[in-house]
Amino acid sequence: MNQTYLIAVVDDDLHIRNLVEAYLRKEGYRTVGLGTAEEGWDMWRTNPPDMWVLDIMLPGMDGFELCRRIRAEAEVPIIMISAKDSEVDKILGLELGSDDYMVKPFSPRELVARIKRQLSRWYKFSHAEIVPRLAAASPELSNGRLQLLLEERRVFWNGEEVDMTNKEFEMLRVFAEHPNRAFTRDELLSSVWGDDYFGSDRAVDHLIKRLRKKVEQLPIEAIWGHGYRMRTDGEESSI
């Protein structure tokens, strides 16, 4: 099924871009090479790819900003590549929503292996894994002003629909299925990202920040030193 995937490679180094594209095409993927984040953002708006290989250091808009913009709208897989190998840069990339981070110079074969892994996880998450959960679930979950239509994967707040990405929807599903239960970050990572996720648990904080931005009165509260819970929708939280 490789040929069905279109992968965008965004890097201002033409040699690296051509090398990565050559290895990907050899594996049967379709590719497009872009030299700037602005070109990447235009492509996202007109012909969104199935996956991104995204350099951080780019002229104009950097890779961090492009990653943030894409992740605000969708959960398409993103692998960031960079000459920066500091822990701070890796954590920032993961917090902004990238699924993996590779430091230059890297092995093109290893990059291809990681791309295959991310696409496999994304395909299973977006398609195959939804069916068995829905089969046993009620078609609707409600918590006060919050309503989730599971079969349609739609979210409503106070009767108005709110657009959600796959991971945002899954996070809300976990909380709505267990109102007032306290979850650790590790439990939320396992439930939403899967047991094989190896990134920072700060990804949970970033996803919840996105949810709060979309629904300011969402009753998710932090439990310091533990994680998060969504209380039964009612009075405003004091936290």
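Here are a few things to note about the model shown:
- Mean-square fluctuations from a GNM of the chain, with a 10 angstrom spring cutoff on Cα atoms, peak among 201, 62, 42 at 42.
- Heavy-atom accessible surface of region 6-124: percent carbon and sulfur, 1.4 Å: 53 percent
- Accessible-area value, residue 86, 1.4 Å probe, nucleic acids and ligands omitted, Å²: 50 Å²
- Measuring nothing but how far apart in sequence close Cα pairs (under 8 Å, 6+ apart) lie, relative to its length, the chain scores a relative contact order of 14 percent.
- Rounded accessible area per residue of the chain, 1.4 Å, Å²: 49 Å²
- Whether region 6-124 is rounded, prolate or oblate, judged on the alpha carbon gyration tensor where a/c under 1.5 counts as rounded: rounded
- The chain, helix-only ellipticity at 222 nm - DSSP H runs n ≥ 4, -39,500 (n - 2.57), divided by all residues, nearest 500: -12000 deg cm²/dmol
- Solvent-accessible surface (1.4 angstrom probe) belonging to residue 79, in square angstrom, nearest 10: 0 Å²
- Difference of contour (0.36 nm per residue) and Cα-Cα distance, residue 85 to residue 107: 6.4 nm
- Dipole of region 1-114, positive direction: furthest Cα of 9, 28, 53, with charges on the beta-carbon: 28
- Pairs of C-alpha atoms in the chain farther apart than 31 Å represent 27 percent of all such pairs.
- Total formal charge among the other residues, if their Cβ is under 12 angstrom from that of residue 108, Lys/Arg +1 and Asp/Glu -1: +3
- Pair residue 14, residue 184: separation of 7 Å Cα→Cβ label points (nm): 5.2 nm
The values are calculated or read from the model by the stated rules, or taken from the named source; none is laboratory data. All figures in this text were calculated on a predicted structure; none of them were measured in a lab. Please note: Cβ atoms are built from the backbone with ideal geometry, for glycine as well, and neighbour counts cover all protein chains shown. Just so you know, the surface numbers come from the protein's heavy atoms only, side chains and all, with ligands and any DNA or RNA stripped out. Shrake-Rupley method; radii C 1.70, N 1.55, O 1.52, S 1.80 Å.
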